[in-house]
Amino acid sequence: MTDDAPLPAADVADAPPSGLRALLPDLAPWRASRDFRRLWISGLVSNFGSFLTFVALPVQIKDLTGSAAAVGAIGAVELVPLIVFGLYGGALADATDKRRLIVWTEAGLAVLSAGLLLNAVLPHPAVWPLYAVAALSSALTAVQRPALDALWPRIVAHDHLPAATALNSLRWTVGGVAGPAVAGVIVAYAGLGPAYAADLGTFVVSLVLVVRIAAQPAAREAAKPSLRAIAEGARYAWGRKELLGTYAVDLAAMFLAMPLAVLPFLADELHARWALGLMYAALPFGSLLVSVTSGWTSRVHRHGRTVVLAALLWGLAVAAAGVVGNVWLVLLFLAVAGGCDMVSGIFRGAMWNQTIPDALRGRLAGIELLSYSVGPQLGQVRSGGVAAWWGVRASVWSGGLLCAGAVGLLALCLPGLKAYDARTNPHAVRLREQRAVPVREAA
């Protein structure tokens, strides 16, 4: 057994942790897989830079147009590329070398970041390039993300997948907290150009790490990318009602209760523009708190019930953030919402990674991408439109309440989601048995 191979859980597990150790993240995937470490660090760096742009782009559109609807339109221009290329990207991830696909899409995202920088330093920046870059970035991300999601189960032992999901969530939330907070300062005191420049630099570092990951060719039985292959993945997902439940719950939560598009206007309404970066950081900060205390997640087996409860609490916390008028209470409830979203994400990811066969993993990852990405994009349009029609705070609290109601209804209509147990689910048991023998990971 070498450091290159993902080890069986029994080979690396210590005695059951207790006390503080029981809350700390499980580092077994980090210790067992070199490629996991490389990909994790690459994602950490890249996510930090992407969150800089995540804040800078809507601020620039707001400054150029002064329109909440124009900011919300970011989600509209990202939606079609996300749907089209997410489904195709999933089929492509199953049929090609996943490492190569990740490298090329990361390079393309770096080029787009350079385009934002060039536009920002012009004497009179144009608005249309911002939407063009948003649409193209959405397309490249939609191609890349299924390949990334399909790669984790290959480089991590089956029993380590919940811990790997939690560690990946920790990586995302570190960037999500630091990126918006730093972006708020950079945009306010240095301008938009330096924020975009920093994002470009992080892509370069990320590429250096990703190219060192071992090749990950397609499975022998993988189908070539085609409409037929995409339909095959869709049929498999339709036959798995517990998977459908994870998609539907997350789509409802993100579409109805994602407040990001109106945060610049909420900060103005509360006379606290200084807090805009903190508002963007509050959601991932709550997620970070869950991630750094995620040791308990490896001991939870009723993943479906936990997903439902977390999504319900997410909606209620967002509603509370729209009701209160104190900026510090708004930040508190946004952080609570972020923590609930992270709990939902950890257990949705565990259900996906522990039950979906390798030959279908890319296509199902494409469907998953739509479930957790289309919702936020449509949610930006919804929140921006409702804010323009009814008011900013009403947009936030009404969306949260609608989310809570929708999640409760879905839980009643999809009993298979609530019944899911990782110990007894036949798909999880079958995949666990198939991966009982460690698969060598190339250096």
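The values are calculated or read from the model by the stated rules, or taken from the named source; none is laboratory data. What you see is a predicted model; the values in this text were computed from it and never measured. Using ideal geometry, Cβ is built from the backbone for each residue, glycine included, and neighbour counts are taken over all protein chains shown. Only protein heavy atoms, including side chains, enter the accessible area calculation; ligands, DNA and RNA are left aside. Shrake-Rupley method; radii C 1.70, N 1.55, O 1.52, S 1.80 Å.
Stokes-Einstein diffusion for the chain, with the hydrodynamic radius set to the Kirkwood value over Cα pairs and evaluated at 10 °C in a medium of 1.306 mPa s, equals 73 µm²/s. Here the range 251-387 is treated as a sphere whose radius is the Kirkwood value from Cα pairs; by Stokes-Einstein at 4 °C and 1.567 mPa s it diffuses with a coefficient of 82 µm²/s. Short-range pairs are left out: with C-alpha atoms under 8 Å and at least six residues apart, the relative contact order of the chain is 29 percent.
Kindly state, to the nearest 0.05, the FRET efficiency for residue 188 paired with residue 235, given R0 = 45 Å and r defined as their beta-carbon distance.
It comes to 0.35.
Packing, taken as the mean count of other beta carbons within 10 Å per residue, orders the peptides 195-207, 319-331 from highest to lowest as 195-207, 319-331. Note on the range 257-372: with neighbouring protein chains present and a 1.4 Å probe, carbon and sulfur make up 72 percent of its accessible heavy-atom surface. Centre-to-centre, using Cα atoms only, the range 273-287 and the range 311-374 are separated by 16 Å. Modelled spin labels at residue 107 and residue 329, positioned 7 Å past Cα toward Cβ, are 5.3 nm from each other. The GluC sites (Glu not before Pro) of the range 187-276 meeting both criteria, a DSSP state outside H, G, I, E and B (loop) and at most 12 other C-beta atoms within 10 angstrom of the site's C-beta, are 221.
Calculated mean residue ellipticity, 222 nm, the chain: -26000 deg cm²/dmol, from DSSP H runs (n ≥ 4) at -39500 (n - 2.57) each, averaged per residue and rounded to 500. Every Cα-Cα pair in the range 179-334 was counted, and those over 21 Å apart are 66% of them.
Protection proxy ranking, highest mean first, for peptides 402-409, 271-278, 43-50: 43-50, 402-409, 271-278, where packing is the per-residue count of other beta-carbon atoms within 10 Å, averaged. With a ≥ b ≥ c the root eigenvalues of the C-alpha gyration tensor of the range 40-189, is it rounded (a/c under 1.5), prolate (a/b larger than b/c) or oblate? The shape class here is prolate.
Couplings 3J(HN,Hα) for the range 199-209, derived from phi with the Karplus relation 6.51 cos²θ - 1.76 cosθ + 1.60 (θ = phi - 60°), are 4, 4, x, 5, 5, 5, 4, 4, 4, 4, 6 Hz, where x marks Gly and Pro. Length gained on full extension, residue 114 to residue 215: 33.6 nm, using 0.36 nm per residue less the C-alpha separation. Annotation: per residue accessible area for the chain equals 40 Å², rounded to a whole number [probe 1.4 Å, protein chains only].
A Förster radius of 45 Å combined with the Cβ-Cβ distance from residue 419 to residue 271 puts the calculated FRET efficiency at roughly 0.40.
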